[in-house]
Amino acid sequence: MRRTFKVEGMTCVNCARTIEIALKKREGVKRVEVSFELGRVKVDFDEDRVSEEEIKLVIQQLGYRVVDEEDSKKDLIILAFSGISSLIIAFLMFVEVSGGIYIQLFLSTLVQVVGGWKFYKGAYNSLRNGVAGMDVLVSLGTTGSYIYSLLAFWGFLAGSPFFETNAFLITFVRGGRFIEETAKRKTLKLLKKLLSSQHAQVSVLQNNTEIKKNVREVMPGDVLLLRTGDLIPVDGIVLKGRAYVSEAVITGEPRPIPKEEGDEVVGGSIVEDGLIEVQAIRSFESSYLGKVSRMVEQALADKPKIQRIADKVSHYFVQLVILLSLLTFALWMLKTGDLQKAVQFSLAVLVISCPCALGIATPLAVAVGISKALTKGILIKKPSSLEVFPQIDIVVFDKTGTVTEGKFKVVKFEARSPEALDLALTLEQVSNHPIAKAIRDFAKSRGAKALQLTGCRELVGKGVECGDYFIGEFEKDLPSEGDLKKVALTKGDEVIAVFYLQDTILEKAHSVIKTLKSMGLKTVLLSGDREETTRRVARELEFDDFIAQVKPEDKKEVILSLQREGHKVAMVGDGVNDAPALAQADLSFAVPHGTDITKQVGDVVLLRGIEVLPQAFRLGKRVNSKIKQNLFWAFIYNLVGIPVASGIFYGAGIYLKPEIAGLMMALSSVSVVANTLLLHRDESK
């Protein structure tokens, strides 16, 4: 059984790792996928050995919350309490009030217990599972400063207590996390809306009675009642009524499309105006929206190489910081014998260090990038491909169905047998190729009827054979017809019929090629079609080069030969016949046909066609740039911050108090979030 749990409280990749390790230790749990970005935990488990409630309990015992809806009110209240208490403590440090030191002690203790409990719990559970996270550093830093102040207050240590330090530390860190979580929650609103659609309630008609069902319970044949504003959850056929339906999320077409009886509607569309009854033709899992949802979830589970490295560094970084903190304490004690200075500097080292910024630098940029891409009709299936975008120097396009409409039309027909159309219809029913569909439609329009033939099979890239009959491309003994595609129906060596077809170039293909070339990318047209036809298309669209008459199985070799020449190659194709070439390419883009996107093998699916390809390159490069910027900032921050916090420049009057170090640590995470959110701006860049 598989269940998805919404979990709050995960603040970094180490939190996600803690949950994953703990659940995998549980008997009966087969597989665990934790998405820190979406706050989701997916678990495959044997319900005979472990229950859903037991899985929830494991997560909750780790200090995280399994929730039905997002609720940040509690965190906001605790943050407000900690902040107000910290300000009161700071005020009492400068204004003498009777019993002021006791008030400071009382408020500092409350903040340490109430505000710091979250960090204690997180630190305990992460250490118990062998993972050192940010909570460990915060817990050590705040506890150390509180205990030192307590001992100084009771006279066990020389010096004055600094009750404001632990209070401000907790306030700053919680404040930083609250800002980070709020920004991340807003950023991922689109993704969560898409993915939460699988838990939506829909209106279903049964015996003329309207009932509510979970969208996952909708089966083919069920009739849905959809009103103005409703999301169409599954693919279906309009049975009754009329409505204007927006398919902007899917096709990018801003104008609502009228739908009436007999028309097909696609899951993910929205009823702009009207009332319709729709019969489901696919379940949610098989519908367009379900497939996209599944792909998005799979995408967020994938990690770029740079993120996997950062996760490892983040894990061991905490252990290194603790050692540096102890070393700082020891050196200052040996050098000065001043316990207060030694404690302050060692605490500053603990709290200024920020593996959190390092940990969220990549996953947050990836999540924002996927969300942004989806709004543009670009589905990034493999986030690891984001690292490849800047390296690409050649883009290879398949011709048919990619830069052309892929909707062939029979413009001329020659029959040499009265059964020609019936035979053509029967053979082409085996294939889903655009040419086969065009011939089927043409035959049906002429009143053709399917015959009873056995042993029919498709020969990929060639045609369809059925016993002695064959239909496919044919040049022998046929006159030239310009660049029209000739398809012949034969029986042995006898030509029974000839179909002349034409494909049209996509209206926006020219601007796409022109834009890619302006970005410094070389463009190549690759086709199995005749050289004359391929040359015409390449010339009209101003491709840099073209390669014609390439069989599907040989397209991979073309890509491989370009790679051997030292090029980084991107391939754009329809994802079916081009599968080997797409798999070989360094970066692959699939153009879906209709709603059947499961056939696509590309790293990226261009949901709205090639017109969004330039945007995909721009966004891919920008996300990759943000990841590098974030990691650079996190690295430099720690490289500079730790030496300053340790007191190396104390002689020059440059040093950090622990609470200031805590503020800088919180701001480092917030800065990474803020920098990432800039992806939502300057879309034209």
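Here is how the numbers come out for the structure above:
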| read-out | value |
| --- | --- |
| Residue-by-residue Karplus 3J(HN,Hα) for region 141-150, coefficients 6.51, -1.76, 1.60, Hz, glycine and proline x | x, 5, 5, x, 5, 5, 5, 4, 5, 5 |
| Ascending count of other beta-carbon atoms within 10 Å, so fewest first, for 571, 664 | 664, 571 |
| Nonlocal amide H pairs with residue 240, under 5 Å, H built at 1.01 Å | 277 |
| Calculated P(r) tail over 15 Å for region 409-502, as whole % of Cα pairs | 54 percent |
| Ranked 164, 20, 542, criterion: other C-beta atoms within 10 Å, fewest first | 542, 20, 164 |
| Links that overshoot a 24 Å alpha carbon limit, given the list 42/626; 6/381; 74/212; 462/485; 409/444 | 42/626; 74/212 |
| Fewest-first sequence of 510, 433 by Cβ atoms within 10 Å of each Cβ | 510, 433 |
| Karplus 3J(HN,Hα) series, Hz, for region 264-274 with 6.51 cos²θ - 1.76 cosθ + 1.60 (x for Gly, Pro) | 8, 10, 10, x, x, 6, 10, 6, 6, 7, x |
| Cross-link table 56/121; 522/621; 121/335; 30/382, entries beyond 26 Å C-alpha to C-alpha | 121/335 |
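Since every read-out is calculated from the coordinates, none of them should be taken as a lab result. For clarity, every value in this text was computed on a predicted model and none was experimentally measured. So basically every Cβ, Gly included, is an ideal-geometry build from the backbone, and we count neighbours across all protein chains shown.
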